[in-house]
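What follows is one structure encoded as structure tokens, with my remarks underneath.
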Amino acid sequence: MEKLQQAVKILPSEQAGPAAGQVSLDYEGRFLRRKRLTADTGESFLVNLPETTNLTGGEAFVLDDGRQIGVTCAAEPVVIVQGDLARLAWHIGNRHTPCQIGVDRLVIRQDHVLEAMLQGLGAKLTRQAAPFQPEGGAYGMGRTMGHDHGHSHDHSHSHHDHSHSHSHDHGHTHSHD
């Protein structure tokens, strides 16, 4: 039995060299630490990274023997969302749903419940298969998970004093005064 090559390092797209093969991964598949993958050449290899990593496409896995396997984003079932983008994006974000943001569209993974809500808000929806590359999480932290990651701050979260010396009297009365 032949030993699987291991990928213990990832090169960013700007440092990747010629690839000996490609692996096409969907959004979920690009979030990994340890996983067996198969390149388009038919060769399997073991990804064995020190920590969970979010790939965005264009990177390269470096195998034990120095060869590189390029990462591409696979097409997957998505929904193109068009309409009042600011309002629609707020509702999508309020549900902590990954969302790809374009100038004239939002893109989400197909989800019949979310699609029904968006249609109710007046969105135009178009289903298609395309690579899904949503925005990263806040503060440069990559994907958002909807649970605590042990992120801590060295600063206080107490609020400053809101008192101030000026009045909020506007010089007019209201009929209910």
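Just so you know, all these numbers are worked out from the coordinates, no wet-lab data involved. Treat the numbers as computed from the prediction; the structure is a model and nothing was measured. As a convention, Cβ positions derive from the backbone with ideal geometry for all residues, glycine included, and neighbour counts pool all protein chains shown.
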* Using just the C-alpha positions of the stretch 1-63 as equal point scatterers, what log10 of I(q)/I(0) does the Debye formula give at each q in 0.22 1/Å? -> -0.94
* Asked: Each label point is 7 Å from the Cα along the Cα-to-Cβ direction; what then is the distance between the points at Glu51 and Ala75, in nm?
  -> 3.6
* Structure fact -> Ranked output for segments 73-82, 17-26, 96-105 by mean other Cβ atoms within 10 Å, highest leading, reads 73-82, 17-26, 96-105
* Structure fact -> Given Cβ charges of +1 for Lys and Arg and -1 for Asp and Glu, the option among Gly42, Gln68, Phe31 whose Cα lies farthest towards the positive end of the dipole of the stretch 5-73 is Phe31
